[in-house]
Amino acid sequence: MSISAQNRAEFRDVITNLDLPVDILWGNDNYLWIAQKNGAILRVNPETGVGHEVGSVADLFSPEELGLFGMALDPAFEDSAYIYLYYSYIRTYPNGDWQHLGKVVRYFYDRSADKLVSPTTIVDSLQAVVGNVGGALRALPDRTLLIGVGDGGDFFEEAQSHESMRGKILRVRLDGTIPADNPWPNYPYPLNSIWATGFRNPISIALDHLWGTVYATDWGGTSHGEVNILEGGRNYGWPYVFGKCDGDPIDSEGEFCADSNVVEPIIDWYSGSILSARPTDIEPYHGEQFPEWEGSLIVTTLLDGLHQLRLDDEGKNVLEDNVYISPRVFSDMPGQLRSLCISPEGRVFIGTGNLGEDQKSGDNRVVEILEISQRDSLEETPLVTRNVVTGLRLPWEILWGFDNYIWCTERGGNVRRINPETGDVHLLLNIPDVLELFNNGLLGMALHPNFCDTSQVFLVYSYQHPEVSHRILQRLVRYTYDPLRDTLVDPLVLIDSIEASPEHMGSRVLITPDRHILITTGDADGANDPQGVDNLNGKVLRIGIDGAIPPDNPWADQPWPASLVWSRGHRNPQGLTLTPDGKLYASEHGPWTDDEVNLIRSGADYGWPSVEGYCDLPQEIAYCQDHSITEPIIAWTPTIAPCGLEYYKHDAIPEWKNSLLLATLKNKRLMNLHLNARGDKVVSVHEYFSQEFGRLRDVCVAPDGRVFLATSNHDRLGEPTDDDDRIIEIRSAKGHPSLPQPGALCDRPPASVDSAPQFSIGELVIPHPIIESGEVKLGSVLGKGKVRVISAAGKVVREEEFNGGSSLRFVKGLLSPGLYIIEVVDNKQVVRSQVIVR
């Protein structure tokens, strides 16, 4: 079992107040060589942080993304003293026209003068426009240079063309001539420098000297970040393949991959948004400083911190992805991670910084990692996992039932009861009019909080409009569990005609102890305004358990549907949980950035579509102030697709106690969110089971502290295995308290049926005794009062006087066969029991 926690790295400043540090190298003089975007090269003592400029690029052109891109030291630097710089400049023409281009220039390091001198152009006329400029540069032991050139944004189709150097990895000798063993040596110069094709924005290249493997990072599509193994003559797919050859977002990816022999990345950070992890620098780790990283790839990213990719023995497959110093969790790591250097002893140095409006004082600096750790990494609580059941299809909601079974919905319309010990599955219901399309279908479910007495089940599903074929609607329906037939019966629609779509459905449902139903609704992909209370979309709705409007709803005095609205300004809230002290939390999908967890309050506005995540953009700040927007307690960019959410309050796994557990689809991890004392801020995040089970739709906590996960690998973005979809149990290896065996509905019998000869109890059918007439023993002595017989629909069908005592005589009389509640009331207490009348 692989557990991937949200890890931590402690660091120290080496040097601050830099321009953007785009590259860092360890020199054979044991100094750090730092290349800055403004063209200045520094040589810095890594112990003292004292450094000085050894050279600067005179003809640099450096607006926005342009400037100095990369730096490489000659493999024989001690003898040759050559250093190579890749940067952008402006070329002017006699007619007055000009063009900004890229070139690689070789400098000589004059040790006596401590300066870079004698610039000599090695490669020229590379594309260098703002947007996807590339910039990777690496010198190899065979005395060649690998150069990463981006596709130039608007010229993306040229990444596949052998008549353009855009979107390519180039290979030249250190003197700029073309190696005879290049894949296309007979092409005219400079096209014969092409070594590999199909790249979008290759930022960095690294060589693992032990394996001889060359790796490169690429921003492979707007929502994909990649690490690739480079091989000469191969095609890496762009722009016809985004990340893996999985048909997302282009259906024809698989065909193109097969026809063009495309090399897939060894990892693809897919975000489903316009912002992926944005990998920047990459280095293999071999050293003594951090033995737990030995043999891994270390990758810096702009948006998702430092990644440790644990590889297999051949260095060709990623076994685990661990994240350190993530900016979305730890605010004490300023700036984005730009560059990386690993010394021969394994010391790790990182260049951080921001550009433009995002730049803050002190951002641009180089730090050294001093210590790495897995904070609260469950080292004290070893975990054991097992498959409870396999072969499901798209489970959406899993709940722990009062009968100690797992109750589960599947998007196709099935409700199932699953024995958590044996994995036996029983179909309770199939709803034929459920419409399953893309991400909708049968989704949320809740059980009545007093299910022992009122066996009601609440379901949310989408269906096709009966008259308008392209219109999709959504409803909340109450069913009653019939234990005689072990099925759900008597559907009663509580909320109907919620506008829906194939996406953004919300649909999580929860019942509070005060008998109110909360249901999340999505914006239905823009069908209605989440800000307006004149519609049901983009909201958290609240009704009584009988469908009535609670008088304390924030807009209760307004006409339907405003009277149902509890909160507004939501996009696609997929998770909902309640803490013991009454705090309500919801997880929510953002668009391309800013997935959220929100603390839901009555009448609050959460900003969508005018605000995404925090109020941190100029236009958002003004809107938030004008509209009293409630910000999330945490937001993620890149997005993680947060789904099922539970509050963990058990001692079985003490590291998780009093925190939130969050299942994620895109991130494919279980996340643990620790809150501050007020519960209005996330103070730490820990991630587990990275990529181990695939896409995780829901999480369920049993009363004994076990945790159950439901996968969603059969959805359109999943990669199902033979076991999928499945429910996985997570428990402490130290054991857990025993629960009653599945089937025992209630752990307290307030009333029981006597087994005296005058009365035949028959067999005990889960969860109710079967009786005709006979004596019923009560759990305690009651005074004079009333005996009521209540139908499964909640109607009092018979009421009689009770003379007091510890038992009563039950007579079937004219009662029809079915489920009833016997309720005995005196002036001090009430006892109830469900019975089935033959």
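Quick notes on this structure:
- Any hit, the range 309-318, residues being modelled with pLDDT under 80, charged (D, E, K, R) and within 23 Å of Asn667 (Cβ to Cβ): no
- For Ser567: the one exception among (1) under 21 Å from Leu447 (Cβ atoms); (2) assigned to a strand (DSSP E or B): (1)
- The number of residues in the range 814-834 being modelled with pLDDT under 70 and assigned to a strand (DSSP E or B) comes to 3.
- Any hit, the range 452-459, residues being of a type in the set (A, V, I, L, M) and touching a Phe, Trp or Tyr at 6+ places or on another chain (Cβ under 6 Å): yes
- Positions within the range 79-103 being within 30 Å of Asp29 (Cβ to Cβ) and touching a residue at least 24 places away in the same chain (Cβ under 8 Å), in sequence order: Ala81, Tyr82, Ile83, Tyr84, Leu85, Tyr86, Tyr87, Ser88, Tyr89, Gly102
- One residue from Arg838, Arg809, Arg748, Arg798 being modelled with pLDDT of 75 or more and exposed (fewer than 15 other Cβ atoms within 10 Å of the Cβ): Arg809
- Matching residues, the range 387-432, being over 24 Å from the mean Cα position of the chain (by Cα), outside any strand (DSSP E or B), over 15 Å from Leu443 (Cβ atoms) and not β-branched (Val, Ile, Thr): Gly401, Phe402, Asp403, Asn404, Tyr405, Asn419, Pro420, Glu421, Gly423, Asp424, Pro432
- Out of Ala128, Ala180, Ala196, sole residue that is at pLDDT 95 or above and farther than 22 Å from Val263 by Cα: Ala180
- One residue from Arg171, Arg200 being buried (at least 21 other Cβ atoms within 10 Å of the Cβ), touching a Phe, Trp or Tyr at 6+ places or on another chain (Cβ under 6 Å), of a type outside the set (A, V, I, L, M, F, W, C) and more than 20 Å from Thr280 (Cβ to Cβ): Arg171
- The residues in the range 108-128 that are part of a loop (DSSP other than H, G, I, E, B) and surrounded by fewer than 21 Cβ atoms within 10 Å (Cβ to Cβ) can be counted, and the count is 4.
- Among the residues making up the range 134-168, those that are surrounded by 21 or more Cβ atoms within 10 Å (Cβ to Cβ) and within 32 Å of the chain's Cα centre (by Cα) are Gly134, Gly135, Ala136, Gly148, Val149, Gly150, Asp151, Gly152, Ala159, Gly167, Lys168.
- A single member of Ser204, Ser223 is of a type in the set (Ser, Thr, Tyr), touching a strand residue (DSSP E or B) at 6+ places or on another chain (Cβ under 8 Å) and modelled with pLDDT under 90, and it is Ser223.
- Considering residues of the range 207-220 that are modelled with pLDDT under 90 and under 13 Å from Pro239 (Cα atoms) only, the residue surrounded by the most Cβ atoms within 10 Å (Cβ to Cβ): Gly220
- In the set Gly506, Gly444, Gly412, only one residue is buried (at least 22 other Cβ atoms within 10 Å of the Cβ), touching a residue at least 24 places away in the same chain (Cβ under 8 Å) and at negative phi; that residue is Gly444.
The values are calculated or read from the model by the stated rules, or taken from the named source; none is laboratory data. Every value quoted in this text rests on a predicted model; they were computed, and no experiment measured them. Positions of Cβ are backbone-derived with ideal geometry, glycine not excepted, and every protein chain shown enters the neighbour counts.
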